[in-house]
1. Taking the chain as the reference, fit the longest principal axis to its C-alpha atoms, fit the long axis of helix 483-502 to the helix C-alpha atoms, and give the angle between the two in degrees, 0 to 90, nearest 10.
2. Can you tell me the length gained on complete extension of the stretch V383 to D354, counting 0.36 nm per residue apart and subtracting the Cα distance?
3. Where the eigenvalues come from the Cα gyration tensor of the stretch 17-148, what are the semi-axes √(5λ) of the equivalent ellipsoid, largest first, in whole Å?
4. Using a probe radius of 1.4 Å on heavy atoms only, what accessible surface per residue do you get for the stretch 308-442? Whole Å² is fine.
5. Suppose only helical runs count, i.e. DSSP H with n ≥ 4. What mean residue ellipticity at 222 nm does that imply for the chain under -39500 (n - 2.57) per run, divided by all residues and rounded to the nearest 500 deg cm²/dmol?
6. Pop out the Kirkwood hydrodynamic radius of the stretch 681-831 from its pairwise C-alpha distances, inverse of mean 1/r, in Å to one decimal.
7. How compact is the stretch 406-551 by the rule of thumb for globular proteins, expressed as Cα Rg over 2.2 N^0.38 Å?
8. For the stretch 527-567, what does the alpha-carbon gyration tensor say about shape, rounded, prolate or oblate, given a ≥ b ≥ c as the root eigenvalues, a/c under 1.5 as rounded, and a/b over b/c as prolate?
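The values are calculated or read from the model by the stated rules, or taken from the named source; none is laboratory data. These figures come from a predicted structure and were not determined experimentally. Quick reminder, even Gly has a Cβ in these numbers, built from the backbone with ideal geometry, and neighbours come from all protein chains shown. Note: areas computed on protein heavy atoms with side chains; ligands, DNA, RNA excluded. Shrake-Rupley method; radii C 1.70, N 1.55, O 1.52, S 1.80 Å.
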Amino acid sequence: MLNARSLLATACAALALCSAITLHAQTLEVTPEETLETQGLTVIVEQNQFSPIFFDEKNAGIQIVLHGERIATDGEVRLDPTPEQWAPVPTFGERRPGDKPGELVVRSSYPDANLSYRVNVSPEEGGGFRIAVDLDAPLPPELVGKAGFNLDFLPTAFFGKTYLMGDRPGLFPRNPSGPMATDGSGNPEPLAEGAQTITLSPEDPMTRVTITSDAGPLALYDARNRAQNGWFVVRSLIKAGAQKDAVVWHVRPNVIPGWTRAPVVSFNQAGYTPDRGKVALIELDPAFNAPGEAVLVKLTADGETPVFSAPVQPRGRFLRYDYSAFDFSSVREPGIYAISYAGQTTNPFPIAADAYDGIWQPSLDTYLPVQMDHVAVREQYRVWQSAPHLDDARQAPPNITHFDGYRMGAELDSPFKPGEHIDGLAVGGFQDAGDFDIQTPQNAAVVRDLVWTRELFGLDWDETSVDEAARLVEIRKPDGKPDALQQIRHGVLQLLAQYRVFGHSIVGIIDPTLQQYTHLGDAGSQTDGLLYDASLGENVAEGGRSAKQDDRWAFTTRYPTNDLAVSAALAAASRALAEFDPAMSAEALDAAKALWAAQQDATANSSDGRDDGGFRARFLDLAKVNATVELLITTDGDPAYTSRLSELTPAIEGEFDRVAGAAVRALPYMDAAYRSRIEALARDYKTRVDSDMAGNPFGVPVSRGAWAGSNEVADFGARMYLLHQAFPDLIGPEYTLHALDYMLGRHPANNLSLVSTVGTRSKLISYGHNRADYSFIPGGMVPGVIVVKPDFPELKTDWPFLWFENEYTVATTTAYIMAAKAAIAATTGGR
């Protein structure tokens, strides 16, 4: 085993060897999308901006894609050496071509700090690029010693590797280990500083980057010392009085001559049933000399045996890659198989009649229990959490926007004063994602999805015991009650609690402080579980109360869309709970009717109370459609609801793709004219879908937004199956199977299943409560592949902290359960 000294010696020798070799690096060229590009290297220049809500998402500024991996981001002027997520970020102004050949100029500013500047990026002869920062005016005195240029490097790309600060060697630490400032600021000290040149991973030609600073010394920081989601940061300060060329860097990523990205063969990691279509997609670097044939091998006790070969069929360009298809649908014999292409063989997958039987179960019996709020969750020896948030909740103050996007207006829509404790909310509900909040619309979606899945496909599975009175959930301990019904009941407990207390739904319940919001680990330790009492002294706790202001806030503004979403969920739940819990079923239906009636005349405020909602005015009518359909089904065609749904037909026509599932479920209760109109809409929708899907090889919508799109794919899969059920001669089951294939591995960037532990290879480093451990929660579905603008598809396999790729959410996972069950039905003819 090499020790640190020998590793450093090796690194120094590697750098000396590479310096002695003359490499014929190609000069970067500006593309039409205004990136700098050569084979093996892309420099993205402010095509992606900092978020107005979440600030630093690690997808902004100058970014480096080297040998197919995005290894650097956030190249920008920053006011801190290791900025946390909500530290000030610059405001993007514009990007334009510069005066020099290939130069790109970005204007940015910090308006509140009276700082504006240009960042000039230009290619350099022989490879690499130059960054120069020109200030509009010298730094204000208060920013001297604070403002500098930062470039963040992905930690997992450099774990176990070395660096050279000038000629001084060092090791990138696997775990953050200081040094920290001793002044109480919480700021890390540099790992290394003082030289004007730094080389990262000199021993690794795939990730080696050298940076030389003309205007001052460089420093290297480990931002994980301040926050676990930090990156390694290379930084140089802007000197007092500097203006033009206040920072000048020469960045030289090593590009291996002739490098091409290896093909990615993507397929369903859970395998295939014998009679369904089986098409793998091959993602290809356009410069790769791609073979024209792929081979299917069968794995037996004697090893690999080729059983089928066929030419690959071109599927065109999508984003930056070419795609080909390998169709092995004719292979139906059960067994274990793999695909061999371009000298590589994939991991194995089954062909079997029961290939999909268990693909939804970890989501229902493990992931959902782990997300249950207000109950302890145990799995044999493992304690996922003690009972959390038993001190819920205090009234949020008016006129605030929370750092997670929750909004409170001037009206509280609540009988409670700001800061006052609200009895009755510490019950039921699901923690939305990795940040422990209860988002009411998402909780409503969970309830409705579980009801639909159970009604449409059956969901009677018992692997978990739920004791609401004892606030205890035990995984792998069947209790004779269907898990889905217990999960529905748990969600309804919270939704009804809100209705009992306020007479309407609320936006949600969330942590009041940023320190609590960034909490990692057991949800039960996020608060002390004791009701806040201002009369007690500091650190005093007695009688179930304490002076600690850690109780979560309830955002209580009433929004019509939330009321209608909760109405729909409660109406659906009343059907599911009719025999399981008749009293709750009756109460849920009464509340659903009252909420529905209260919002039928609503014409404004279609938001859900969060800044990132993106709601349009007509979404309010769609919420009316969804609630009306659920009440229509629950009341077995009550004329009040059939009449109202007919009146809402224009809303269905305007947004059929969003409401098609609900519209189809209403068919048995509506007249022939309604059916005829829905069939015509389905026909038009199929035409649009086929046209849209022709733009990518995956057969599903691929998100181009700031959050990856697995939830959209799951919704698409379930929606298309409902349309297939209603109009089988018009719409086939293949759309639903394409959605399943995408979620379980046939997507851009790599071939991991997006559902942790489902399939042979799946996403096992994800953004859940346990993300600090680089771990996963079984059955959770991550958002998946994001497109880093302009054209780079990404899904990191080893770095959990990119929430837009890796964060589980409860509603995404229940949408997956329904889509998975729909796909099973599609392969069994609905049996």
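1. 90 degrees
2. Numbers: separation 29, 0.36 × 29 = 10.44 nm, distance 3.20 nm.
Computed gain between V383 and D354 is 7.2 nm.
3. After scaling each eigenvalue by five and taking roots: 28, 16, 15 Å.
4. 37 Å²
5. Numbers: 16 runs with 209 residues, N = 831.
Counting only the DSSP helices, I get -8000 deg cm²/dmol.
6. For the stretch 681-831, the Kirkwood estimate is 15.6 Å.
7. That ratio works out to 1.18.
8. prolate
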